[in-house]
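The structure appears below as C-alpha cells.
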Amino acid sequence: MSDIFADILIQFLNGLAGASSLFLVAAGLSLIFGVTRIVNFAHGALFMLGLYLAWSLIDLFGRSTLLGFWGGVLAAALCVGAIGAAIEIVVLRRIYKAPELFQLLATFALVLIIKDAVLYFWGAEELLGPRAPGLRGAVEIFGRRFPEYELLMIAAGPLVFGLLWLLLHRTRYGMFVRAATQDREMLAALGTDERRLFTSVFFLGAFLAGLGGALQIPREPAQLSLDIAVISDAFVVVVVGGMGSIGGAFLAALLIAQAKALCIALGDVSMFGTVVSFSKLTLVVEFAIMAAVLVLRPWGLLGKPLALARGAGAHAAPLDPPGPLFWPSSLVVLVLLALAPLGGDRYLLVLMGDIAVFALFAVSLHFLMGPGGLVSFGHAAYFGLGSYAAALVFLRFDLPAEAALFAAPLAGGVAALLFGWFCVRLSGVYLAMLTLAFAQIAWSVVFQWNDATGGSNGLIGLWPAGALKDRTLYFWATLTLCAAGIFFLWRTVHAPFGLALRAARDQPMRAEAIGIDTRRVQWLAFALSGAFAGLAGGLFAFAKGSISPETLGVARSVDGLAMVLLGGVQTLTGPVLGAAVFTWLQDEIARNTQYWRAILGLAILALVLAFPHGLGGALKRLRGAA
C-alpha cells in the first residue's frame, strides 16, 4: 500500500477514535435535552470534571494496576453522575417553569462555579494523566504505528451506543424516557413521577459526560479551558444529529470526526496554482457542516421538529411604552454619567466606558431576543467583526479613529445581513445554534488569517490620535455614541418596524395575513442589531488599544446573553441594568479574589432563583406593586 493511502487509513482510524470521544459527551447532552428540554451549558464543565476526577482517583487507586486505572475511570464517571443529579435536584428543579433562557443562564452560572472549584482543588497547571495499563504500546498497521489505546476508543463509542439503545428500547425505564422525549406532559398526566425521571436522566447524562472526560486521561492533559471547547463540539454534534436523537448524535460524531481527520490527512494541497491548507480547516469544518445541515434540514440529520410543550405558546407580555418621566430621567442619568470623569478617577473612567460599550452590545442583542424573539448564541461575531474592521481601517489605511469607527457598524451590519438571511429561516434552539456556527466560522477566519488580523496575537497600537487621544474626551464620545445607539433601538421597538417585528414573533401567520413580510422584517432586525453590536466593538477596540480573536469568541457571546437575561428580556431597561451589574461584578470580584468566576456564578444563580424575570422585571413588578 502506498504511503498516501496508509496515511489516509491512519487518519481514518484517528477519526473513528475522535468520533467515539465526541459521541460519549454529546450523547449525554442529547439525552438531557430530549427529556427536560434544557440546553445544559454545564455539560462541558462536567466533562472537564470527569477528567480531573479520573486523574486523582487513578492516582489514589494505583496508576500502574489495571484495577486502579479502570476503577478510577469508572468511579470518576459515577461521581460526575452524582454531581449532575445533585445539580438537577438543588438548582434546575426549582426553575423548570422559568423561561428556557433562564435555565440556560443557570447552567452558565454552574460552568463558572465548576471551573473555579476545579481551580481550587487541582490548580491552574495542566495535569498529565497516566497511560492505560496493558494499552501503552502501539500496533503496526500498513507500516504505521497506531496506539493501542486509540483502538479501545474506537470500540468505546459503538459499545456505549449499543448499551444506550438497549436501555432505551428494551427496558421499561427506556420506554418512559422515550415517552418523555415525545410528550412529557402526557407522561406526567399518566402518573409517572416526573421528578425522579428527570433526576435519573440528569445522572445518566452527567455520567456519560464524566465517562467521556475520564477516558481522555491518557490522551490529553487536564486543563481549565476544556469546558468551553468541549461544549461547543458537543452542541455541534447534537444539533447536526438532531436534538434528542442518540442515533443522530452517533452519526453526526462520525461525520464530523471523519471530516476533521480528512482535512488533516490532506494537509496542504496545490489547487490552480494556489496552496490550500486543509489542515487549518479543522477549526471550522464542524461549524461549516452544522451550518449546511441546519440550512438544508433544520431539525438535524435524524431529528424531528420539536413539539411545543403545552402552555409554552403563551405570548410575551407587550412592552409598555415609556412613561412621561422615562426620557427626562434617562437624560438626568446620562448627564450624571458624563460628569463622572470630573472626579479625576481614571479607573472609574475605564469602568464606566466598558459599561457603556457593553450596554450597547446587550441592547443590540436584546433587540433580537426580546422584540424579535430570535435567540443568538453568536452575537459576539458582529461585535468582533466591528472591532476588527475599525482596527484594520485605522492601521492599514492610516485613517483617524473618528473615520475608522464608521467601518465598525458597517462591518457588523453587513455580516449580520449575510448570516441573518440563513438564520431567519429557523427558530428556537436551531436558530441559536446556526448563529453560533456562523460566529465560530468568523472566529476561525480571524484566528488563522495571520497576515491581516495578526492571528492569535491580534492587533495592537489602536490608540486614537487627535482629539480622541484624551481619554476623557474618548469617554464622552463613547457615552454619546452608545446612548444614541440605545436610544435609537428603543425608539425602533415602538416604531412601526418594531411593532411588525413583535407581530412576527407572536403571531407570524396573522402578521403575514395582513401583509407583513415576517422574514424580511426579522432579517432587517438582524442587520440593525449587528450594526450596533459592531459599533460597540469598534468603540471597545479603541478603548483598549488592542484586540484579539476573543472579541468574537463564544465566551463573549455568553457574556452578552448573561447581561440580557440578568437584566430581563421583557423590559427595555433590563439589558442596560444587566450589562452594568455584570460588568461591575466581573470587574469588582476579579480584582479582589482569584475565584471570581465562582462568586459571579453564585451571584447569577442567586439572581436567577430570586428574580426569574431578571432585575428589570423585578423592578417593574415593584413599581407595579407600589
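The values are calculated or read from the model by the stated rules, or taken from the named source; none is laboratory data. Bear in mind that the values here come from a model prediction, so they are computed numbers and not experimental data. Backbone-built Cβ (ideal geometry, glycine too); neighbour counts: all protein chains shown. Note: areas computed on protein heavy atoms with side chains; ligands, DNA, RNA excluded. Shrake-Rupley method; radii C 1.70, N 1.55, O 1.52, S 1.80 Å.
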Can you list the helices (runs of 4 or more DSSP H) found entirely within the range 567-626 that contain at least 2 residues being at pLDDT 80 or above and not acidic (Asp, Glu)?
574-592, 596-610
Hey, does the range 197-206 have a residue that's modelled with pLDDT under 85, β-branched (Val, Ile, Thr), in a helix (DSSP H, G or I) and farther than 24 Å from ARG297 by Cα?
no
Selection from the range 60-98 of residues that are assigned to a helix (DSSP H, G or I) and basic (Lys, Arg):
ARG93, ARG94
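For every residue, the table says whether it meets (1) over 23 Å from ALA156 (Cβ atoms); (2) modelled with pLDDT of 80 or more.
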site	(1), (2)
LEU190	yes, no
GLU194	yes, no
LEU211	no, yes
PHE250	no, yes
ALA257	no, yes
ILE264	no, yes
VAL276	yes, no
LYS280	yes, no
MET290	yes, yes
Can you find a residue in the range 548-560 that is surrounded by fewer than 18 Cβ atoms within 10 Å (Cβ to Cβ) and either in contact (Cβ under 8 Å) with a residue 24 or more places away in the chain or within 27 Å of LEU349 (Cβ to Cβ) (or both)?
yes
Exclusive hit being of a type in the set (Gly, Ala, Ser), within 30 Å of the chain's Cα centre (by Cα) and farther than 24 Å from GLY553 by Cβ, set GLY373, GLY353
GLY373
Taking the options ALA390, ALA416, ALA408, ALA356, name whichever one is out of contact with any Gly (no Cβ under 6 Å at 6 or more places or on another chain) and of a type outside the set (Asp, Glu).
ALA356
If I filter the range 6-15 for residues that are open to solvent by less than 20 Å² (accessible area, probe 1.4 Å) and out of contact with any strand residue (DSSP E or B) (no Cβ under 7 Å at 6 or more places or on another chain), do I get at least one hit?
yes
Considering (1) free of Cβ contacts under 8 Å to residues at least 60 places away in the same chain; (2) in contact with a Gly (Cβ under 8 Å, 6 or more places away or on another chain), say which one LYS97 fails and leave the rest.
(2)
Among the residues of the range 294-317, are any part of a helix (DSSP H, G or I), modelled with pLDDT of 80 or more and touching a helix residue (DSSP H, G or I) at 6+ places or on another chain (Cβ under 8 Å)?
yes
Which condition number does SER330 fail, the rest of (1) surrounded by 12 or more Cβ atoms within 10 Å (Cβ to Cβ); (2) modelled with pLDDT under 80 being met?
(2)
Looking at the range 396-412, can you tell me whether even one residue there is open to solvent by less than 10 Å² (accessible area, probe 1.4 Å) and not hydrophobic (A, V, I, L, M, F, W, C)?
yes
Are any of the residues in the range 69-80 hydrophobic (A, V, I, L, M, F, W, C), surrounded by 23 or more Cβ atoms within 10 Å (Cβ to Cβ), touching an Asp or Glu at 6+ places or on another chain (Cβ under 9 Å) and closer than 15 Å to VAL201 by Cα?
no
Which residue pairs have Cβ atoms under 9 Å apart, sit 6 or more places apart or on different chains, and have a first residue in the range 9-26 that is under 15 Å from VAL236 (Cβ atoms) and touching a residue at least 60 places away in the same chain (Cβ under 8 Å) and a second that is open to solvent by less than 10 Å² (accessible area, probe 1.4 Å) and outside any helix (DSSP H, G or I)?
SER21/GLN216
In the range 81-96, what residues are open to solvent by less than 30 Å² (accessible area, probe 1.4 Å) and aliphatic (A, V, I, L, M)?
ALA85, ILE87, VAL91, LEU92, ILE95
Qualifying residues in the range 164-173 (those that are more than 30 Å from the chain's Cα centre (by Cα) and within 21 Å of GLY212 (Cβ to Cβ)) - the one least open to solvent (accessible area, probe 1.4 Å)
LEU167
Where in the range 433-538 are the helices (runs of 4 or more DSSP H), entirely inside, with at least 1 residues that are hydroxyl-bearing (Ser, Thr, Tyr) and either at pLDDT below 85 or open to solvent by 10 Å² or more (accessible area, probe 1.4 Å) (or both)?
471-494
Given the conditions (1) touching a strand residue (DSSP E or B) at 6+ places or on another chain (Cβ under 8 Å); (2) small (Gly, Ala, Ser); (3) open to solvent by 10 Å² or more (accessible area, probe 1.4 Å), report the number of the one that ALA222 does not fulfil.
(3)
